[in-house]
Structure formats: C-alpha cells, structure tokens
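> The structure follows.
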Amino acid sequence: MRILLINPNTSQFVTDTAAAEARKVSAPKTAIEAVTGTIGPPIIGCRSEAAIGAYAALELAATHGRDADAIVLAVSFDCGLPAIRQAFSMPVVGMTEAAAHTACMVGGRFALLTFGDRVAPLYEELIDSYGLTSRFVGVHCIPALTPAQLRDPSLVQDRIVDAAHTLAKQGADSVILGGAVFAGLPNRLDKETPIPLIDGLAAAVRMAETLVDLRITKQTTGSYQLPGAKSLQGVGDDLRALFDGFDN
C-alpha cells in the first residue's frame, strides 16, 4: 500500500516530522511518500493562508497522487480536503477529521488544543462541518510558537499538559492536538494527562489504511462524484492534465 502524505505549507521540517510519525504507526508493508508545498506560507495560520494551502494541496495531489492508494493531509485545517476527495477515487483523509472521529470513539466529548491567537474560529467551523459540534467542548489556544518551539514542540509540553487538565475539568474526555508539528507528541505525554491526547496524523494514517482495505467504491452521483472534463487556465500542468482526463 502506498500513502501520499501532503503537507501544503512550505516547511520541510513539518513534512519530515509528519512523515517520521506516519512511518512509525503505519503497517509494515505501507509505503509513505511525503511531499511539501512550494507556494504559500511556512506555517498556515489564518483563513487566507488556508485558502492558499487548499490550492497547494490540490496541486500536490495532482502531481504525486495518481498512483497512490490513499492520500493523507498533514495539515490540521484539512486544507483542500473536500476538493481532493471529489477529484480522486482513492480514500482521502484529513488529520483533524480523523482525530475528531477517533475522539468520538474513546469518549463522549472532546476538545482541541492548538497554538496562535486567531485560529480558534477556523477549528470550530471545521468541527461543525464534520457534524460534531454537539460532541465538542471547544478550542484551547496556547500562545503562538517560536521557530524553535515549532521544530521541537516538547519545549511547550508543560503548557500542553496543563491545558489537558483544564479541558478535562471542562468536560472533555480527550484532547486533539491541532498541528502537524505535534505528530508523535501525544505518545510521549499520555502518562502525564488525565485524558487521552489524540494524534491526528497517526489517526489519519491508520484510518486511510483501513479505508483502502475496505475497498469502498467511488460515488457516481452527487457532489463527490468525479468532476467532468474541463480545460483549466493558469494552473500547473499536472492539475490541468487531471481535469482533462475526467469524463463528461
């Protein structure tokens, strides 16, 4: 099985972190190919940047995804997920989508912990789009991470542990860590928190493997059926070829 791991921001260290965790949790015969965005911000942190990330993710999928068995988005805003899911026949999984559904299977209500001062509404809207608002305690934001902390989030692990205790008191049964830079961190902190920490990247990889094994067929009607052929202007050659190849 081959899984394409897409990081649509332009930070290679984020891709490397996510890929290392993906290879650690995936089945022995699963091959992980990880790719990094070439346009946009180093870290996606607002609505405008997420829009750029969605396009970058679609371009990367068109370039690298044709022969994949599944695609995993290594970006916690799940940028481009609906568009890529429509345009490809294989499973496409977002890390926060996977984490949220995993959280629902380990408890009643869950929270999301992330960093930055203006991202909470984006996550609230994302969780609502998955139909899980009634299970959602809310978003807890720690201050924006420094470059050193982004490369080594264990530097802020005390804040994460403290936040998990706070969220447990607010009724959360588990906490999603929102951010691909946090990949692998929950396993190192679980013994210090009263409720489970959910690693979205790990959940997405294992869910993608399961969906491949289930051999679920592609829709032939509705909004997620493959697009019709259309000549695109001003896009990359691979994305143009993808749309040229659809049936009318």
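The values are calculated or read from the model by the stated rules, or taken from the named source; none is laboratory data. The shown structure was predicted, so the numbers you read here are calculated from the model rather than taken from an experiment. Heads up, the Cβs are rebuilt from the backbone with ideal geometry, glycines too, and the neighbour counts pull from every protein chain shown.
> Specify the residue that is farthest from S48 (Cα to Cα); the eligible residues are those in segment 74-118 that are of a type in the set (F, W, Y) and assigned to a loop (DSSP other than H, G, I, E, B).
F88
> Same structure again: Quick check on segment 167-181: of everything there that is over 14 Å from T114 (Cα atoms) and of a type outside the set (G, A, S), which residue is surrounded by the most Cβ atoms within 10 Å (Cβ to Cβ)?
It comes out as D173.
> While we're here: Do we find that L60 is crowded, with 17+ Cβ neighbours inside 10 Å, in contact (Cβ under 8 Å) with a residue 40 or more places away in the chain, farther than 18 Å from L5 by Cβ and not polar (S, T, N, Q) in this structure?
Answer is no for this residue.
> Keeping to segment 3-24, report how many residues are closer than 17 Å to G200 by Cα and surrounded by fewer than 20 Cβ atoms within 10 Å (Cβ to Cβ).
Total meeting the criteria: 4.
> Hey, another quick one. Collect the residues in segment 119-153 that are assigned to a helix (DSSP H, G or I), small (G, A, S) and under 16 Å from G45 (Cβ atoms), keeping them in residue-number order.
Across segment 119-153, the qualifying residue is only A120.
> List, please: which pairs have Cβ atoms under 6 Å, are six or more places apart or on different chains, and start with a residue in segment 81-102 that is over 25 Å from T114 (Cα atoms) and end with one that is outside any helix (DSSP H, G or I) and not aliphatic (A, V, I, L, M)?
Listed by first residue and then by second, the contacts come to Q86/Y224; S89/K218; M90/D69.
> Only one of these is surrounded by 15 or more Cβ atoms within 10 Å (Cβ to Cβ) and part of a loop (DSSP other than H, G, I, E, B): I39, I32, I43. Name it.
Criteria check complete, one pass: I43.
> Being at pLDDT 90 or above, under 16 Å from A99 (Cβ atoms) and outside the structural domain of P8 (by TED's automatic domain parsing) is true for just one of A164, A168. Which residue is that?
Matching residue, one of A164, A168: A164.
> May I pose another question? Can you name every residue in segment 143-158 that is surrounded by fewer than 17 Cβ atoms within 10 Å (Cβ to Cβ) and in contact (Cβ under 8 Å) with a residue 12 or more places away in the chain?
The first filter runs over segment 143-158 and keeps only residues surrounded by fewer than 17 Cβ atoms within 10 Å (Cβ to Cβ), leaving 143-144, 146-148, 151-152, 154-155, 157-158.
P143, A144, R151, S154, Q157 - these are the residues of segment 143-158 that are surrounded by fewer than 17 Cβ atoms within 10 Å (Cβ to Cβ) and in contact (Cβ under 8 Å) with a residue 12 or more places away in the chain.
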